[in-house]
Amino acid sequence: MCGLAGWVSFERDLSQEASTVDRMAQALRRRGPDSSGSWAARDVVLAHRRLAVIDPAGGAQPMQADTDAGPVVLVHTGEVYNFAELRTQLRARGHHFTIRSDTESSCADTWNGAIGYPNGWWACSPTSCGTGDTAR
């Protein structure tokens, strides 16, 4: 299991606070000993500690995807059992995958319109890069 950390504020500029959220994520290092990463914008900072199970080489997070509405950044934890099925459905709708991670497969429906339900146990926090809007 991975570890997620984040900070949302609409009252102060968080773009320089990645180190603070990195320290929060560091406290979760036992949940994700394989790698870590963070992303910061004005209203939101996301950090991730990774336990690499599926696609160890390609599943680094936070992950960014381009959508019709603009770029989206997300962190994800858990396991999506039907990610291969979701991937097949998304390919049929024209989605291009760049890695083999279940993160990209399971959260791409958030980026491109729901196609079905991810089956498993997981949490995902997509954030619009243009607005800082974070799903709750």
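Could you tell me whether the range 10-24 includes any residue that is at pLDDT 90 or above, surrounded by 15 or more Cβ atoms within 10 Å (Cβ to Cβ), within 13 Å of the chain's Cα centre (by Cα) and farther than 16 Å from SER105 by Cβ? So far as the range 10-24 goes, no, none of its residues is at pLDDT 90 or above, surrounded by 15 or more Cβ atoms within 10 Å (Cβ to Cβ), within 13 Å of the chain's Cα centre (by Cα) and farther than 16 Å from SER105 by Cβ.
The set of residues in the range 43-57 that are over 13 Å from the mean Cα position of the chain (by Cα) and either more than 18 Å from VAL8 (Cα to Cα) or among the hydroxyl-bearing types (Ser, Thr, Tyr) (or both) comprises LEU51, ALA52, VAL53, ILE54, ASP55, PRO56, ALA57. Among strands (runs of 3 or more DSSP E) entirely within the range 23-102, having at least 1 residues that are more than 20 Å from ALA5 (Cα to Cα) singles out 63-67, 70-80. For the range 25-73, the candidate set comprises residues that are surrounded by 15 or more Cβ atoms within 10 Å (Cβ to Cβ) and charged (D, E, K, R); within that set, the residue that is nearest to PRO126 (Cα to Cα) is ASP43. Any chance the range 104-114 includes a residue that's over 23 Å from VAL45 (Cα atoms), at pLDDT below 65 and surrounded by fewer than 13 Cβ atoms within 10 Å (Cβ to Cβ)? Checking the range 104-114: at least one residue is over 23 Å from VAL45 (Cα atoms), at pLDDT below 65 and surrounded by fewer than 13 Cβ atoms within 10 Å (Cβ to Cβ).
The values are calculated or read from the model by the stated rules, or taken from the named source; none is laboratory data. Please read these numbers as outputs of a predicted model, since none were measured by experiment. Please note: Cβ atoms are built from the backbone with ideal geometry, for glycine as well, and neighbour counts cover all protein chains shown.
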